[in-house]
Amino acid sequence: MRDVRMRGFANRTSVQQARAWVDEHASPLEPETVPLAKAAGRVLAAPMVSSVDVPSYARAMMDGYAVRAEDTLGAGDYDPRPLKIIGTALPARPAETTVEPGTAVRIMTGAPLPEGADAVLPVEQTRGDTDASSSTVLVLAPVARGRHIGQVGEDVRKGSTVLPAGRRLRPQDVGVLSSIGCQHVSVVRRPRVAILLTGNEVLPAGSKPEGYRIADANGPMLAALVERDDGEVTALHYVPDDRSALKEALCESNADVTLVSGGSSVGQEDFVPQLIAERGELAIHGIAMRPSSPAGMGTIEGRPIFLLPGNPVSCLCAYDFFAGRLIRQQAGGCAEWPYPASRLPLAEKVSSAIGRTDYVRVRLEDNAVIPLAIRGASVLTSTTRADGFVVVPESSEGYAAGSQVTVYRYR
């Protein structure tokens, strides 16, 4: 491996090639079983097939009377038809009787339909039954056969696939799984992610900056991004710019993915690229993009490791373009950005250079895109002032004012 410290990059990998490497090393992790109560938001590892019908019995969908539909034919306000009340059906308390011609059973929503009945007559279409002691009800309107009845398997059929593998479970999905008696769910395991924050000048997150030292911004930002992408941060360490300390930290990491913030460029104390090459494979170092050109990636003992620049905007950009793409796929999700996108016109031109991908922070105003005139990858507040970003591909020199561009909105 060529030592780029104090020499610079001889060449840079394209964003497209770097993403191809990511996709080659990204596949869903093995499944794990979680309680249903913890399943929302997780990705199904296998299709869910129902072993029961839902509902498993015919039930009333209205409060009223279980009747034989033919007994209501011709009924009206001026020609009511009397039916003898022979019982009451409540949820989980069926009527122990059979509906014969000329009879009816009081029934509440959700109660099992008694034998002999083929319809439920809503209480609004009756008169005369005012209390539990009444023995007759007058039918004021006909009801069709099968009306207001929830049929067996109407919601879920036994043997049917309720939800496919690869589906991210929504709250209503969890409800459906509960309705078929599911207590545990097989989901794709969340990737375990270790974050190493390098630099003698870096103070732990939340510290007050002092002297020539700065408070860590990348650690909390990366942890939140990993959580957003369904990863699980299992370690977050601050490591000085010391070769031995960095080597020890890399050796200790047994996570599925390791993110190293800082120490990735061409400075005298940027040891991490060499350490990765010594312990595993440094596949890519230096990418043709702005910001984040010092980013890199490789593997140690087969596990992906990402070099993320220390400047916060570069760190965010490199994570979103590469590390997040892999973590999302390992968690069973989609490779692409989780940002809503829209096509809008540029209010001002955006300049770029052939052979380099540009990540341009923008704000939206009056349904137009305004680039933020900011230089420097350390101005993290540019991303909080921005509504999103536009990507200028390496094949373009930029966009003229008025051009329609795709805006990815932060959320």
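Computed values, structure above
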item: Odd one out for LEU222, checked against (1) out of contact with any Phe, Trp or Tyr (no Cβ under 8 Å at 6 or more places or on another chain); (2) in contact (Cβ under 8 Å) with a residue 24 or more places away in the chain; result: (1)
item: Members of region 178-213 found to be of a type in the set (S, T, N, Q) and buried (at least 23 other Cβ atoms within 10 Å of the Cβ), listed by number; result: THR198
item: Long-range neighbours under 9 Å by Cβ, at least six apart or interchain, first residue assigned by TED's automatic domain parsing to the domain that holds ASP63 and in contact (Cβ under 8 Å) with a residue 40 or more places away in the chain within region 85-105, second among the small types (Gly, Ala, Ser) and loosely packed, with under 15 Cβ neighbours inside 10 Å; result: ILE85/SER134; ILE85/SER135; THR88/ALA132
item: Residue within region 332-352 that is free of Cβ contacts under 8 Å to residues at least 60 places away in the same chain, over 21 Å from ARG363 (Cβ atoms) and in contact with a Ser or Thr (Cβ under 9 Å, 6 or more places away or on another chain) present; result: no
item: Set VAL43, VAL49, VAL22: member being under 30 Å from ASP230 (Cβ atoms) and in contact with a helix residue (DSSP H, G or I) (Cβ under 9 Å, 6 or more places away or on another chain); result: VAL22
item: Region 154-165 - residue that is surrounded by 15 or more Cβ atoms within 10 Å (Cβ to Cβ) and modelled with pLDDT of 95 or more and, of those, farthest from ALA331 (Cα to Cα); result: VAL156
item: Hey, ASP216 of a type in the set (Asp, Glu), surrounded by 13 or more Cβ atoms within 10 Å (Cβ to Cβ), more than 19 Å from THR33 (Cβ to Cβ) and out of contact with any strand residue (DSSP E or B) (no Cβ under 7 Å at 6 or more places or on another chain) or not; result: no
item: Residue ID - surrounded by the most Cβ atoms within 10 Å (Cβ to Cβ), chosen from residues in region 105-131 that are in contact with a Leu (Cβ under 7 Å, 6 or more places away or on another chain) and not polar (S, T, N, Q); result: ALA111
item: Condition met for VAL187 (in contact with a Lys or Arg (Cβ under 7 Å, 6 or more places away or on another chain), at pLDDT 95 or above and not in a helix (DSSP H, G or I)); result: yes
item: Those residues of region 100-129 which are more than 17 Å from MET61 (Cβ to Cβ) and touching a strand residue (DSSP E or B) at 6+ places or on another chain (Cβ under 7 Å), in sequence order; result: GLY102, THR103, GLU115, GLY116, ARG127, GLY128, ASP129
item: Residue that is farthest from the chain's Cα centre (by Cα) [pool: residues in region 178-229 that are more than 19 Å from ASP270 (Cβ to Cβ) and of a type in the set (Lys, Arg)]; result: LYS208
item: Residue in region 129-140 that is polar (S, T, N, Q), modelled with pLDDT of 95 or more and either over 16 Å from ALA95 (Cα atoms) or in contact with an Asp or Glu (Cβ under 9 Å, 6 or more places away or on another chain) (or both) present; result: no
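Conditions tested, residue by residue: (1) in the same structural domain as GLY74 (by TED's automatic domain parsing); (2) assigned to a strand (DSSP E or B); (3) without any contact (Cβ under 8 Å) to a residue 40 or more places away in the chain.
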| position | (1), (2), (3) |
| --- | --- |
| GLY110 | yes, no, no |
| ALA117 | yes, no, no |
| LEU121 | yes, yes, no |
| VAL137 | yes, yes, no |
| PRO142 | yes, no, no |
| ARG145 | yes, no, no |
| ALA165 | no, no, no |
| GLN172 | no, no, yes |
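The values are calculated or read from the model by the stated rules, or taken from the named source; none is laboratory data. Values in this document were obtained by computation on a predicted structure and should not be read as measured data. Backbone-built Cβ (ideal geometry, glycine too); neighbour counts: all protein chains shown.
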